Amino acid sequence: MSSFDVLIVGIGGQGTILASNIIGEACLVEGTPVRGVETHGMAQRGGSVESHVRIGGIHGPLIPPGGADLILALDLLEAVRYRHYLKAGGSIVANDRTVVPTPVYTQKLPMPGRGELLGSLEGTDLHLVAADALAADAGNPIVQNVVMLGAASSLLPLKEASLKEAVARSVPAKTLDLNLKAFDLGRNAVKPE
């Protein structure tokens, strides 16, 4: 059995782990096997965080380079950093912004501009999402991760209802309406071809 492999990448504090937990929970709702793992590294200092989610597969939790069907990037720089994980014919759903990293993260090296980052992603099936604006429309900038999950949802082999049920199971009850609105705004921002 083959898997549908999703690599979720971002900066510490952007919610990559919650996004991967929601996908895993949606798999449980549907009774689909799922394996996953995340790495945190220097996440507390604004470093990279990556979550591997393998939907329906039988292999270990780590996605090999060139094996991801989908990269969900909560930060544009992270989309570029992890592009080598994307398989031929895979898709990238990326937040169209980059967090200004800390000096520890950049090691005082110059940051590439948006144009340079987009140039590095040429030739991929790239879907850019203005997650900050959509999260603000939903009511709180903290839900950008759920906006991005909604944006990627039509590319996942999971039902929309299962993903929404997983959101309900994964976020505090008092934030459910906010998160569901964020999910819907993201879903409407990226339409399948």
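Here, each number is a calculation from the coordinates, and none is a lab measurement. Just so you know, these numbers come straight off a predicted model, no measurement behind them. Methodologically, a virtual Cβ is constructed for each residue, glycine included, from the backbone with ideal geometry; neighbour enumeration extends over all protein chains shown.
For the residue pair A88 and I142, what label-to-label distance in nm results when each label sits 7 Å from Cα along the Cα-to-beta-carbon direction?
Computed distance between label sites A88 and I142 equals 4.5 nm.
Contact order normalised by length for segment 4-189, with contacts defined as Cα pairs under 8 Å and 6 or more residues apart; what percent is it?
Computed value for segment 4-189: 23 percent relative contact order.
Expressed as a whole percent, how much of the Cα-Cα distance distribution for segment 64-176 exceeds 17 Å?
Working: 3812 of 6328 pairs.
Considering segment 64-176, 60 percent of its Cα-Cα pairs are separated by more than 17 Å.
Computed FRET efficiency, Cβ-Cβ of A133 and S2, R0 25 Å: what is it to the nearest 0.05? Don't skip to the end; give the middle numbers.
Values: r = 36 Å, r/R0 = 1.45.
E(calc), rounded to 0.05, equals 0.10.
What are the DSSP H helices in the chain that stretch 18 Å or more along their long axis, judged by alpha-carbon atoms, and whose average Kyte-Doolittle hydropathy comes to at least 0.5?
Counting only whole DSSP H runs, the qualifying helices are 16-30.
Cα-based count: Lys pairs in segment 4-189 below 28 Å, eight or more positions apart or different chains? Write out the running numbers ahead of the final one.
On the way: K87/K159; K87/K164; K159/K174; K159/K181; K164/K174; K164/K181.
Step by step, the pairs that qualify in segment 4-189 add up to 6.
Add -39500 (n - 2.57) for each DSSP H run of 4 or more in the chain, then divide by its residues: what number comes out at 222 nm, to the nearest 500 deg cm²/dmol? Before the final figure, lay out each step's value.
Details: 8 runs with 75 residues, N = 193.
Result for the chain, helices only: -11000 deg cm²/dmol.
Over the chain, how many percent of alpha carbon pairs lie in each 10 Å bin up to the one with the longest distance?
Computed distribution, short to long bins: 10, 39, 38, 12, 1.
Which order do peptides 22-30, 132-140, 68-76 fall in by mean Cβ count within 10 Å, highest first?
Output ranking for 22-30, 132-140, 68-76: 68-76, 22-30, 132-140.
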